[in-house]
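**Student:** Take a look at the following structure, please.
The values are calculated or read from the model by the stated rules, or taken from the named source; none is laboratory data. If you're wondering where the values come from, they're calculated on a predicted model, not measured in any experiment. Virtual Cβ from ideal backbone geometry, glycine too; neighbours counted across all protein chains shown. Quick note on the areas: whole protein, heavy atoms, side chains included, nothing else; ligands and nucleic acids left out. Shrake-Rupley method; radii C 1.70, N 1.55, O 1.52, S 1.80 Å.
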Amino acid sequence: MRTLKVGLGSRTYPVHVGSGLLDALGKYAAAAGIGAPSRCAVIADTAVLASLRERVQRSLGAAGLDAVFVPV
């Protein structure tokens, strides 16, 4: 895994790039300061949502996050 830092002053955040990270999405979202109980938006292409929605929802749900899916 490689982590890139998006430098935006007080709004700086990490971007993790690598294989096998999707199932750990909830863990990384929680580490980023999104704590339970919270809602988060997952914005993705409709084809991506169709194929990965359940895995994303399961990972975020395990971290106590309620996902709202926004197809684009």
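**Student:** I need the full set of residues from segment 1-14 which are of a type in the set (S, T, N, Q) and surrounded by 10 or more Cβ atoms within 10 Å (Cβ to Cβ), in order please. Please lay out each step first, then the result.
**Tutor:** First, the residues of segment 1-14 that are of a type in the set (S, T, N, Q): 3, 10, 12.
Selection gives Thr3 alone.
**Student:** Taking the residues in segment 15-40 that are part of a strand (DSSP E or B) and open to solvent by 70 Å² or more (accessible area, probe 1.4 Å) as candidates, determine which candidate is farthest from Val72 (Cα to Cα).
**Tutor:** First, pick out the residues of segment 15-40 that are part of a strand (DSSP E or B): 15-17, 38-40.
Then drop every residue that is not open to solvent by 70 Å² or more (accessible area, probe 1.4 Å), which leaves 17, 39.
Details: Val17: 22, Arg39: 19 Å.
Applying the filter and picking the extreme gives Val17.
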